[in-house]
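Report on the following structure.
Derivation of every value follows stated rules applied to the coordinates shown; laboratory data play no part. Remember, it's a predicted structure, so these values are computed and weren't measured experimentally. FYI the Cβ positions are ideal-geometry reconstructions off the backbone, even for glycines, and counts take in every protein chain you see.
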Amino acid sequence: MDNPRILIIDDDKDATDLISARLKSHGFLVSVTNIPEDAFEFIKENTPDLIILDLVMPGVDGSEILRKIRLDKKTREVPVIVLTAKLDQSDKVSAFNLGAQDYITKPYEPEEFLARVKVALKGASHGAVAKKIKNILITGGAGFIGSALARRLLAEEYKVAVIDDFSTGRRENIQDMLNHKNFSLIVGSITDETILSKAVEGSDLIYHLAATVGVKNVIEKPLDTVIYDTIGSSIVLKYASAKGIKVVLTSTSEVYGKSKKYPFKEDDDVVIGPPDVNRWSYACSKLLDEFFAIGYYRERALPVVIIRFFNIVGPGQVGRYGMVIPRFFKAALQNQPIYVYGDGKQARCFTYIDDAIDIMLKLSQSQKAVGEVINLGSKNLISIKDLAQEIKRITRSSSKIVFEPYQKYYGSRFQDVKKRVPDLAKLKKISGVTPQTTLPEILKKMKRYFEENPKELDRI
Ligand SMILES: NC(=O)c1ccc[n+]([C@@H]2O[C@H](COP(=O)([O-])OP(=O)(O)OC[C@H]3O[C@@H](n4cnc5c(N)ncnc54)[C@H](O)[C@@H]3O)[C@@H](O)[C@H]2O)c1
């Protein structure tokens, strides 16, 4: 980048003189103002390569300026360094959550300052800032994905609080973490605003996973699905927004509905079935969550990342709510009939949990992911009939594969989705990676898991 253009918004003349002189001597084009309106006038005319913003100026709300910078199309992606005489931890975190790349406190040391400007210009976060995220809240953290995420975050030395009402979550999923010094459990629903507002209070980042899930569950409880999956999410976003806390919201490939355009791309139209087919209550609710999240991002500058999962599988998942892989393993390992619903030609792409967690962490740390909807799935496409045969083969089971009409399990008005394949270009572009565990590897891992934990079969 030749002669990068830097806009400094600061009222401390001595400090800005010192910094500008240093930056100018290194070829930067520097403009300085202490008036927010002038700053936005400047932005209208020129797009700066970097903005340096004093967060605490008399009579000026620095966070509001940062919010506006992130809402303005021209400056949405521009790196921002936040300056201040002193910042407390919550200011640092909310500045980071609002998309600041770095913060620097007074007194400024010119060489160090210059080095950090160069890092910020590359669009990279300064390590010190990323580390400031300490307290993480996971809604639905006693569930399959939430508990795996919590375990991983604890291993990376974050403090993790989980809120879960144990509707589908299980104590076994979090048993190994209950006594960990950095783990805390709040038993309750995300729709309980007293509990939720307290849980959000001390958090720096929220992963929102709590939801009524599973085809069987959704079909039996369409009202719970709508209530928990929309009102619950809106409450999480409301309290996060009040504190400027970033939310990683987990959505689903179900939102593509009955679309037959393959692969599914994030900006494709969705084709959702009618409201009297209970199954669609889930897709519709999760889609509404995405609208809520995007609304909070666009109108209130709340940093959000929306992840659409495609059939995540791994240890800790149960089959009783309709998840197919644990259900097939249980039947195969117990030499019981493996029931395939419909003709078994319906096909899905399965993603291993460890890949999903790795990528979730990458996305939650990426500035490019903020305000975006991103597919998280794999290329491991297989029909359910072939999946049953493969699980039967690798477990050397004597189970019979039995085809049953959907209606027997899901009622007369059930509608299924023939095929679900994610387009992964956006995921690759933003995170740099896609899930790598192949289907044979996934099934091998699952087989080993059930062999080593035979009691899990009883819990499925
Ligand atoms: N597993 C997948 O393949 C998949 C696919 C698409 C989307 N997702 C999404 O990922 C998230 C996690 O799914 P999962 O597979 O781990 O399911 P899960 O059922 O294991 O986890 C959901 C957790 O949320 C909890 N919960 C539900 N309602 C709650 C409420 N009102 N208050 C507090 N806790 C509540 C449950 O007890 C459970 O622990 C969900 O939002 C789901 O929609 C998962």
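Under 28 Å Cα to Cα from LYS24, which lysines show up? Leave out anything in the same chain fewer than 8 places away.
Within reach: LYS13, LYS44, LYS68, LYS73, LYS74, LYS86, LYS92, LYS106, LYS118, LYS122.
Estimate the FRET efficiency between LYS106 and ALA425 by the formula 1/(1 + (r/R0)^6), using the beta-carbon distance for r and 45 Å for R0, to the nearest 0.05. List each step's numbers first, then the result.
Numbers: r = 44 Å, r/R0 = 0.97.
Rounded to the nearest 0.05, the efficiency is 0.55.
Compute the helix-to-body angle for 62-71: its Cα long axis versus the longest principal axis of the chain, expressed 0 to 90° and rounded to tens.
Roughly 60 degrees between the two axes.
Based only on other Cβ atoms within 10 Å, what is the fewest-to-most ordering of HIS180, HIS26, HIS208? Working shown, then result.
On the way: HIS180 14, HIS26 11, HIS208 26.
By the 10 Å Cβ count, ascending: HIS26, HIS180, HIS208.
For ILE163, list long-range residues whose amide hydrogen, built 1.01 Å from N in the peptide plane, is under 5 Å from its own amide hydrogen.
The answer is ILE138, THR139, GLY140, GLY141, ILE186.
Any chance you could give the angle, 0 to 90 degrees and rounded to 10, that helix 36-45 forms with the longest Cα principal axis of the chain?
80 degrees
Which value, in Å to one decimal place, does the Kirkwood hydrodynamic radius take for the range 119-220 when every pair of different Cα atoms is included? Provide the component values of the computation, followed by the final result.
Numbers: mean 1/r = 0.0689 Å⁻¹.
Every distinct Cα pair counted, the radius reaches 14.5 Å.
As I understand it, the value is the acute angle between the Cα axis of helix 280-300 and the longest principal axis of the Cα atoms of the chain; what does it come to in degrees, rounded to 10?
0 degrees
Of the listed pairs LYS408/LYS444; LYS159/LYS455; LYS134/LYS368; LYS286/LYS428; LYS134/LYS246, which have alpha-carbon separations greater than 19 Å here?
Numbers: LYS408/LYS444 31 Å; LYS159/LYS455 30 Å; LYS134/LYS368 21 Å; LYS286/LYS428 23 Å; LYS134/LYS246 13 Å.
The answer is LYS408/LYS444; LYS159/LYS455; LYS134/LYS368; LYS286/LYS428.
In whole angstrom, note down how far apart the Cα centers of the range 231-301 and the range 379-440 are.
After rounding, the separation between the Cα centres reads 23 Å.
Taking neighbour Cβ counts within 10 Å as the exposure measure, how do GLU201, GLU299, GLU254 sort from fewest upward?
With the fewest neighbours first, GLU201, GLU299, GLU254 line up as GLU299, GLU201, GLU254.
Would you mind giving the average projected area, over all directions, of the Cα convex hull of the range 5-130 in nm² with one decimal?
The directionally averaged projection comes out at 6.8 nm².
In angstroms, what radius of gyration and Dmax does the chain have, counting Cα atoms only?
That works out to 24.5, 81 Å for Rg and Dmax.
Subtract the Cα-Cα distance of THR438 and ILE195 from 0.36 nm times their separation in residues, and report this length gain in nm to one decimal.
83.4 nm
With n ≥ 4 as the cut-off for DSSP H runs, can you work out [θ] at 222 nm for the chain, using -39500 (n - 2.57) per run divided by the number of residues, rounded to the nearest 500?
That calculation yields -12000 deg cm²/dmol at 222 nm.
If we count other beta carbons within 10 Å of each Cβ, what is the order of ARG279, ARG22, fewest first? It would help to have the intermediate numbers written out before the result.
Working: ARG279 23, ARG22 17.
Taking fewest neighbouring Cβ atoms as first place, the list is ARG22, ARG279.
Where does each of 162-170, 133-141, 434-442 land if you order them by average Cβ count within 10 Å, highest first?
Values: 162-170: 21.6, 133-141: 24.3, 434-442: 17.2.
The densest-packed peptide leads the list: 133-141, 162-170, 434-442.
Going highest first, how would you order 57-66, 269-278 by mean Cβ packing within 10 Å?
Highest to lowest by the protection proxy: 57-66, 269-278.
If each of LYS362 and LYS118 carries a label point 7 Å out from its Cα toward its Cβ, how far apart are those two points in nm?
2.7 nm
Where both residues lie in the chain, what percent of DSSP beta bridges are antiparallel, nearest 5?
10 percent
Cα convex hull of the range 253-314: how many Å³ per residue? Spell out each step's value before the answer.
Values: hull volume 6.7 nm³, N = 62.
It is 109 Å³ per residue.
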